[in-house]
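Working notes, beginning with the structure itself.
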Amino acid sequence: MNRFYYDLHIHSCLSPCGDEDNTPNNIAGMASLSELDIVALTDHNSAKNCPAFFAAAEKYGIIPIAGMELTTSEDIHVVCLFENLEDALEFDKYVENNRLRIKNKPEFFGEQLILDGEDNVIGKEENLLTNATFISIDDVFSRVKEFGGFAYPAHIDRDSYSITAVLGTVPPDTEFNYFELHDGERRGEFSERYGIEKDKFIISSDAHYLSQFKDKENFFLLDCDKDSADLVRKKLFELLRRH
């Protein structure tokens with residue numbers, strides 16, 4: 001078994017609240033400096049910068065995960081991860097057809113830049129990405145699963161856009177079996193408060209700026225080495241689904 005240090009919640013310059021310096025190559029480079037092994041790109045309601053991130057990650061020896069931070073119809077943020085890039089892009093199309101379309105105001109919300117593997121701007125998302133989708137918290141786990149992905153509530157230790165802030169609790173009949181914390185030191189507190197086993201927390205930075213990256217600390221134990229990104233992703237998703 002080997003340790004794989006991770007951060008599974010990073011935003012690029014496609015997210016309107018993400019800094020324009022958060023390009024795919026800069027993210028991969030910062031992940032390398034932070035000695036991370038597995039990094040997920042999770043822009044708001046979009047996976048359109050994931051192809052560029054996969055290309056950048058290969059240069060830096062980072063194992064990339066394609067994902068997004070989906071906003072449910074209740075304004076709850078959920079991390080959605082996909083074992084295969086192609087599945088993430090198919091889910092991106094599904095979300096595109098199931099979200100409220102309001103024109104972005106870059107001067108107010110920020111630009112939403114789509115880049116290639118060399119960090120060249122190849123497009124802009126015209127509609128604001130932070131709006132709620134039409135996908136409910138009750139449906140998101142099964143919808144993501146249909147596309148070969150895995151989902152769990154984001155930053156449940158925050159006072160906004162979290163399942164705990166919006167619903168006031170974690171429903172006992174929820175399909176979710178993992179939960180994200182921003183602050184790993186609150187693992188015991190949230191385990192006791194909501195009856196979640198301590199090993200069911202995923203600790204990630206939700207970085208919108210390069211300065212918000214965390215150094216290696218949190219890890220998965222996986223029965224593989226780091227030479228094959230495909231195998232690492234396979235083993236990681238086997239672990240997540242097993243529980």
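Every number in this text was worked out from the coordinates using simple rules, so none of it is lab data. Computed from a predicted structure; not experimentally measured. FYI the Cβ positions are ideal-geometry reconstructions off the backbone, even for glycines, and counts take in every protein chain you see.
Numerical summary
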item	result
Cα-based reach from Lys59 at 17 Å (exclusive), listing lysines while leaving out same-chain residues under 8 positions away	Lys226
Inter-centroid distance (Cα atoms) of region 29-77 relative to region 126-164, Å	16
For region 208-214, 3J(HN,Hα) per residue [Karplus equation, 6.51 cos²θ - 1.76 cosθ + 1.60, θ = phi - 60°, Hz, x = Gly/Pro]	10, 10, 4, 5, 8, 4, 9
Positive-end extreme of charge dipole, the chain - chosen from Leu128, Val144, Phe220 (charges on Cβ)	Val144
Whichever lysines have a C-alpha closer than 26 Å to that of Lys103, once near sequence neighbours (fewer than 8 apart) are set aside	Lys48, Lys93, Lys124
Relative contact order (%) - region 77-188, alpha-carbon pairs under 8 angstrom, separation at least six	29
Relative contact order (percent, whole number), the chain, Cα cutoff 8 Å, 6+ residue spacing	25
Charge sum, other residues only, whose C-beta stays under 11 Å from Asn104's C-beta, Lys/Arg counted +1 and Asp/Glu -1	0
Charge dipole (debye, nearest 20) of the chain; +1 at Cβ of Lys and Arg, -1 at Cβ of Asp and Glu	280
